[in-house]
């Protein structure tokens, strides 16, 4: 007579636990990667939104708003954009182009692009050529080869976006 009890052996249980741990690890990596790409998509969308408002400003004033290494979206300096330029508060302005200027999401950034006092991770805006042009330095966590942008510092100008530091 054989005295075997029905059930799982220790080896079988360890194999199942190892498989569950691997699936959990791969899932966590995939979720973190998706979150990183989502933050970059939001950053890119925010830069394009600011560029659109800057073009509206240029069409009304024949120049871009003043600013030198201005942290875009800063509550004291550039929370909104009106026809009189970047402001901390546009509640008294009659013609507002962008009521809430979006700021960068700092999560995941290495701090390669920083400006303002005190210095912080930001979209950094500077006007060039006496108002005829501008640059916005911004940082991405991942490269976006489909649109020609890289991990780290990228540049937005009236002509579009490009990888690397802006040539001023």
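Please treat every number below as a calculation from the coordinates, not as lab data. This one's a predicted model, so the numbers in the text were calculated from it and none came from an experiment.
Odds and ends about this structure:
- Taking the convex hull of the alpha carbon positions in region 44-141 and averaging its projected area over all directions gives 5.9 nm².
- Length-normalised contact order of region 127-168 in % [C-alpha pairs under 8 Å, at least 6 apart]: 34 percent
- Residue-span extension gain [residue 5 to residue 94] - 0.36 nm each, minus C-alpha spacing: 23.7 nm
- Percent RCO, i.e. relative contact order, over region 63-128, from Cα pairs under 8 Å lying at least 6 residues apart: 36 percent
- Look at the alpha carbon pairs under 8 Å that are at least 6 residues apart: their mean separation over the length of region 10-163 gives a relative contact order of 18 percent.
- Largest first and in whole Å, the equivalent-ellipsoid semi-axes of the chain read 50, 16, 13, each the square root of five times a Cα gyration tensor eigenvalue.
- Max mean-square fluctuation residue, GNM over the chain, Cα-Cα springs under 10 Å, options 12, 117, 95: 12
- Computed from Cα positions, the angle between helix 10-61 and the longest principal axis of the chain comes to roughly 10 degrees.
- In terms of its C-alpha gyration tensor, region 113-168 comes out oblate, because a/c is 1.5 or above while a/b does not outweigh b/c.
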